[in-house]
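Working notes for the structure below.
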2 protein chains.
Amino acid sequence: MSQKIKIGIVGYGNLGKGVELSINQNEDMELIAIFTRRDPDSLNNPLMRNIKDIADYKDKIDVMILCGGSATDLPEQTPEIAKMFNTVDSFDTHANIPIHYDNVDKVGKEKGTLNLISSGWDPGLFSMQRILGESILPVGNTYTFWGEGVSQGHSDAIRRIDGVLDGKQYTVPIEKALEKVRSGKNPEFTTREKHLRVCYVVAKEGEDLERIENEIKTMPNYFDEYDTEVNFITKEELENNHNGMPHGGYVLRTGQSETGSKQRIEFVLELESNPEFTASVLVAYARAVKKMHSNGEDGCITVFDVPLGMLSPKSPSELRKEIL
Amino acid sequence: MSQKIKIGIVGYGNLGKGVELSINQNEDMELIAIFTRRDPDSLNNPLMRNIKDIADYKDKIDVMILCGGSATDLPEQTPEIAKMFNTVDSFDTHANIPIHYDNVDKVGKEKGTLNLISSGWDPGLFSMQRILGESILPVGNTYTFWGEGVSQGHSDAIRRIDGVLDGKQYTVPIEKALEKVRSGKNPEFTTREKHLRVCYVVAKEGEDLERIENEIKTMPNYFDEYDTEVNFITKEELENNHNGMPHGGYVLRTGQSETGSKQRIEFVLELESNPEFTASVLVAYARAVKKMHSNGEDGCITVFDVPLGMLSPKSPSELRKEIL
């Protein structure tokens with residue numbers, strides 16, 4: 001085998017840890033260093049480095065996988081790190097993707113680095129299935145359902161309520177709606193008809209549970225447009241039964257041919273660990289970035305710009321022979 | 001909108017007719033001519049031309065969609081027509097893909113045409129899902145199930161049996177096997193455990209039905225390794241209840257992260273018309289071939305080499321804004 005692809009990680013939360021694990025499953029890759037804003041010595045990992053020293057690794061890392069958050073980390077980090085390294089990020093604030101793209105593309109073209117933004121599964125794999133569906137069945141409808149899985153944002157929102165010690169929120173696709181889509185009826189749904197929100201809440205002792213339940217159910221943007229189920233449980237129950245980060249979902253495209261034949265394309269993810277899966281997508285795309293950069297590409301790209309063969313460690317002729 | 005993409009069709013069977021219909025659903029495309037070996041005047045279609053006149057269209061067609069069979073037509077036609085035109089074919093004899101690729105690549109590079117082979121849904125969309133699955137979840141298993149749908153090859157095999165007037169064969173994935181895969185048990189299956197074969201047969205009057213049933217069930221390569229169900233019906237029943245060409249199937253990848261989290265990626269097709277769907281895939285890939293040829297690419301490519309954004313009539317920035 002040729003030389004291994006040298007990977008760096010920036011940020012060591014759930015996603016960064018997932019990338020570290022995923023690299024172990026890819027024999028053509030090698031983790032060189034993990035960069036953090038925290039004190040590296042506090043983290044008990046020989047690969048941990050302070051982010052201030054990142055420039056020292058300029059020629060030692062092929063692709064830097066950026067594992068910060070989309071709200072404040074990535075809008076600054078990706079263009080900054082793209083000055084020195086090829087990068088992959090999971091920027092997922094849909095409305096700001098065009099601006100993020102332009103910022104990163106400018107730096108990448110100036111400095112000759114290749115940078116893939118908004119990878120993961122949504123945006124990412126789900127986006128790819130949406131484009132595939134509407135390109136192949138131009139007369140039809142696309143539906144995206146999320147879950148069943150834990151929504152970090154909604155869980156955080158519950159925890160901010162006065163009197164709440166801890167909580168988790170599951171987004172649950174409504175089976176009846178899914179079945180209606182699969183039947184080819186091209187239904188239109190209200191927000192409430194597609195997803196249910198199920199909350200498990202640990203309240204402080206003596207709190208008015210009715211008030212908490214009401215505050216959750218009427219919370220604007222998060223819960224008010226949904227049917228929401230609130231279950232009060234103990235701290236132990238939460239820790240024992242809700243400690244995972246499962247997620248997943250469905251992308252469906254239902255279309256009709258000119259003769260009226262109904263056609264359906266469906267893509268399903270069922271994930272026991274959302275951050276570990278997102279990490280494994282970023283790692284596969286890091287391989288593609290390395291290959292495409294070696295082919296002379298630079299600037300900013302997304303999953304729409306990457307030929308699927310680039311994701312694989314196998315050669316084009318192996319892929320044609322074994323997988324096509 | 002810029003100029004429409006000019007499409008030609010070679011071969012006017014079920015697939016060619018499907019391509020003709022599919023082009024109507026794509027506003028950025030225009031059907032210029034359909035080439036056939038039959039007498040064009042017999043076909044009552046103003047676009048019909050004799051294949052001998054194909055060279056007259058050299059600068060009038062952007063992409064030629066080749067709708068012949070993989071056994072004898074495409075191995076000759078694709079390299080021949082690639083001398084003058086960009087092409088898309090649905091070559092599906094898996095074992096011969098490497099040879100077909102080399103033949104077409106050589107011509108394409110010499111003549112400056114771009115040619116995408118082995119498009120459709122298997123090979124094609126299913127192959128793409130297989131590569132996606134094994135690249136993202138390198139520790140795991142890939143499963144492909146076909147059906148429920150009509151297998152042309154198996155239906156033909158039934159019809160060749162002495163005493164059979166007509167027949168159709170449905171390939172049916174075994175639900176219990178699918179469920180076992182979804183459970184993440186990484187099962188191994190015998191051929192018999194994955195698919196059931198269900199036959200509807202019209203026998204000549206007075207034939208020994210037991211003999212026919214036995215000949216079907218024991219037919220090597222086609223039926224002997226499967227559980228096969230044979231139903232004798234009337235000509236009218238066959239025409240009324242089995243006149244469609246439905247098909248579909250499943251590609252599943254089940255994997256485990258380093259911590260043991262089970263992850264599943266599943267892709268499903270449910271098609272009322274197999275040839276119309278295959279046609280719509282070829283048409284979307286014809287768009288990609290036109291764009292990539294305009295970018296200066298030539299030779300032979302497969303679905304593994306095409307960035308998904310190329311399939312869409314939308315611009316890269318529209319795609320990032322609307323679909324990512």
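The values are calculated or read from the model by the stated rules, or taken from the named source; none is laboratory data. Everything numeric here is computed off the predicted structure, so don't read it as measured data. Because the Cβ atoms are built from the backbone with ideal geometry, glycine has one as well, and the counts that use them run over all protein chains shown. Keep in mind that these areas ignore ligands, DNA and RNA; they rest on the heavy atoms of the full protein, side chains included. Shrake-Rupley method; radii C 1.70, N 1.55, O 1.52, S 1.80 Å.
The residue among A:214, A:158, A:146 whose Cα reaches farthest toward the positive pole of the charge dipole of the stretch A:125-271, with charges on the beta-carbon of Lys, Arg, Asp and Glu, is A:146. For the stretch A:118-217, trypsin sites (Lys or Arg not before Pro) meeting the loop criterion (DSSP other than H, G, I, E, B) and having at most 16 other Cβ atoms within 10 Å: A:160, A:185, A:204.
Here the stretch B:1-150 exposes an accessible surface that is 46 percent carbon and sulfur, computed with a 1.4 Å probe and the other protein chains kept in place.
Computed about the Cα centre, the dipole magnitude for the stretch B:125-271 is approximately 800 debye when only Lys and Arg (+1) and Asp and Glu (-1) carry charge, each at its Cβ.
One way to sum up the overall shape of the protein assembly as shown is the equivalent ellipsoid from its Cα gyration tensor, whose semi-axes run 45, 32, 23 Å, largest first. So, counting K/R as plus one and D/E as minus one, what does the shell of residues with Cβ under 11 Å around residue A:226 add up to? Overall, the nearby charge balance is -1.
From the C-alpha gyration tensor of the stretch A:238-304, pull out the three semi-axes of the equivalent ellipsoid (sqrt of 5λ each), sorted largest to smallest, in whole Å. Please report the intermediate quantities before stating the final value.
Working: eigenvalues 172, 163, 10 Å².
Rounded to whole Å, the semi-axes are 29, 29, 7.
With its label point put 7 Å out from Cα toward Cβ, residue A:178 sits 1.3 nm from the same residue's point in the other copies, in order from shortest.
The stretch A:117-189 and the stretch A:217-266 have Cα centres lying 6 Å from one another.
Sorted from nearest, the other copies put their residue A:214 label points 8.0 nm away, the label point being 7 Å from Cα in the direction of Cβ. Look at the dipole of the stretch B:125-271 built from charges on Cβ: of B:167, B:189, B:228, the Cα furthest out on the positive end belongs to B:189. In nanometres and ascending order, the distances from the residue A:153 label point to those of the other copies are 4.7 (point 7 Å from Cα along Cα→Cβ). Ranking A:283, A:267, A:200 by Cα position along the charge dipole of the stretch A:199-295, where only Lys, Arg, Asp and Glu carry charges on their C-beta atoms, puts A:283 farthest toward the positive end.
Normalised by residue number, the volume inside the convex hull of the Cα atoms of the stretch B:29-180 is 189 Å³ per residue.
Taking the stretch B:125-271, how much of its Cα-Cα pair set, in percent, is spaced more than 18 angstrom apart? Write out the running numbers ahead of the final one.
On the way: 6550 of 10731 pairs.
Summing the P(r) of the stretch B:125-271 above 18 Å gives 61 percent of all pairs.
Normalised size of chain B, defined as Cα radius of gyration per 2.2 N^0.38 Å with N residues, equals 1.10.
Within a Cβ distance under 12 Å of residue B:21, other residues only, what is the Lys/Arg minus Asp/Glu net charge?
Working: positive: B:17; negative: A:258, B:20, B:276.
Here the count lands on -2.
Assuming charge only on the beta carbon of Lys and Arg (+1) and of Asp and Glu (-1), the dipole of the protein assembly as shown about its Cα centre is about 1440 debye to the nearest 20. Think of it as helices only: each DSSP H run of n ≥ 4 in chain A is worth -39500 (n - 2.57), and spread over all residues that comes to -10000 deg cm²/dmol at 222 nm.
Can you give me the Rg/Rh ratio for the stretch B:168-220, using Cα atoms for both radii and the Kirkwood formula for Rh? Before the final figure, lay out the partial values.
Numbers: Rg = 15.6 Å, Rh = 13.4 Å.
That ratio is 1.17, to two decimals.
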